[in-house]
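Peer 1: Handing you a structure now.
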Amino acid sequence: MKCKDFIRRSKYLAYYFKKMDWPKYKKFYRYARKQTGRSTLSLFCDNIRCVYKYNIGAIDYFLFRFFEKDPAERARWVGTGYKYEYDLIMNPKSTRNILENKILFYEIYDSFVLHAVCTLDDIQKHTEKARIVLENPTGKIVVKDSLGQCGWDVEIIKAAGHDFDSLYKYMKSKGFDLAEEFIVQHPDISRLSDSGVNTVRIISQVNKDNEVEILGARMRISVNTWVDNLASGNIATSVDLETGKLNGLGIYSDITKDRVSDHPISGIKLEGYQIPLWDQCLDLVKRASLHRPENRAIGWDVVLTEKGPELLEGNHNWCKILWQIPIDTGLKHVLEKHLEELPADLRNRR
């Protein structure tokens, strides 16, 4: 390992431990000890070794079940450090702000969004955008922080009883700056899980010929919660790109939980379940990817409605866990292919 890589990964390691969810980390350690019979010290040393050798996060070691994998298999997985560096190359800091800020995202990708949205400034000024959100037919408003991630800093409130001034005061007091019409999802998706809006994460890559390749699709499915993120205890499964059918078991991000063949609440069998309007979903993502191609690798969150598919957001730092764990396969070779296509000066942009 080069000296600069060792220094960089040492910084990553310090960051991982600083941001660590320690209760989860200890829980996963206990589970790995039980599964392997190895000591805590043995697992810890192996964990740290893998952070340096495979450029993974400390928690990735457990999420990817490295404690059960041999070196050849470990080398196939995209870990946190590797993905961070890939994102810097494919989605530079100078252009990724249009994906990080939801207000900016909705402005730039307006033609790919069907539901009504407005800003805190719109509400203060009593604009037409704000009126449409306040009077939307669902009677519910989603308020959020435009810079929030993973479904955090979001609330669903009733529109009844709110006018421009009261909504402005409420959002201001909560630190929210974006309000949206509540999305009513397609009945086929609601039948699968109706506790929250479920999204399909479709990952796109603009290749060297400026053509869009789809790197994968995963269905995120809520389990008795109104958000669909894995971090909130929900499940995800892989999607067949040709047919739009779910083609795997449902996985949790909690490695102590078994994979499921049926939805835990609705009881619907996951394998073979058809995502509606699939061809339209792929077309939407391909068009959006070329709308602003300076960001080359994006994880799009697509919502299915009766009006058609629409974009909820685009992620420059799309989740490598969601991409790989549902198919239990490391996919580093996919990203390496696209890195090799780039000129050397771009490959070294980290």
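The values are calculated or read from the model by the stated rules, or taken from the named source; none is laboratory data. Please read these numbers as outputs of a predicted model, since none were measured by experiment. All Cβ positions, glycine included, derive from the backbone under ideal geometry; neighbour counts span all protein chains shown.
Peer 1: Residues of segment 154-176 being crowded, with 16+ Cβ neighbours inside 10 Å and touching a helix residue (DSSP H, G or I) at 6+ places or on another chain (Cβ under 9 Å), which ones?
Peer 2: Correct list: 157, 159, 162, 164, 167, 168, 171, 176.
To keep it simple, each residue is scored yes or no on (1) modelled with pLDDT of 95 or more; (2) surrounded by fewer than 20 Cβ atoms within 10 Å (Cβ to Cβ); (3) over 20 Å from residue 153 (Cβ atoms).
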site: 187; (1), (2), (3): yes, yes, yes
site: 199; (1), (2), (3): yes, no, no
site: 211; (1), (2), (3): yes, yes, yes
site: 221; (1), (2), (3): yes, no, yes
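Peer 1: Looking at segment 1-115, what helices (runs of 4 or more DSSP H) fall wholly within it and have at least 2 residues that are β-branched (Val, Ile, Thr)? Can you show your working first?
Peer 2: Working: elements: 3-18, 22-36, 40-54, 60-63, 71-74, 80-90, 97-100, 102-108.
The qualifying helices (runs of 4 or more DSSP H) are 40-54, 80-90, 102-108.
Peer 1: Output the residue which, of all residues in segment 45-64 that are touching a residue at least 24 places away in the same chain (Cβ under 8 Å) and surrounded by fewer than 16 Cβ atoms within 10 Å (Cβ to Cβ), is farthest from residue 331 (Cα to Cα).
Peer 2: 48
Peer 1: Taking interchain pairs and intrachain pairs at least six residues apart, which have beta carbon atoms under 9 angstrom, with the first residue in segment 140-158 and among the acidic types (Asp, Glu) and the second at pLDDT below 85?
Peer 2: Close Cβ pairs satisfying both conditions: 145/152; 145/153.
Peer 1: Do we find a residue being at pLDDT 95 or above, within 15 Å of the chain's Cα centre (by Cα) and of a type outside the set (Phe, Trp, Tyr) anywhere in segment 269-277? Before the answer, list the steps.
Peer 2: Restricting attention to segment 269-277, the residues satisfying the condition of being at pLDDT 95 or above are 269-277.
Adding the requirement that they be within 15 Å of the chain's Cα centre (by Cα) leaves none.
Within segment 269-277, none of the residues are at pLDDT 95 or above, within 15 Å of the chain's Cα centre (by Cα) and of a type outside the set (Phe, Trp, Tyr).
Peer 1: Is there a residue in segment 298-307 that is loosely packed, with under 15 Cβ neighbours inside 10 Å, touching a residue at least 24 places away in the same chain (Cβ under 8 Å) and over 18 Å from residue 327 (Cα atoms)?
Peer 2: Of all residues in segment 298-307, those loosely packed, with under 15 Cβ neighbours inside 10 Å come to 306-307.
Within this subset, residues satisfying the condition of being touching a residue at least 24 places away in the same chain (Cβ under 8 Å) are 306-307.
Remaining after also requiring over 18 Å from residue 327 (Cα atoms): 306-307.
Within segment 298-307, one or more residues are loosely packed, with under 15 Cβ neighbours inside 10 Å, touching a residue at least 24 places away in the same chain (Cβ under 8 Å) and over 18 Å from residue 327 (Cα atoms).
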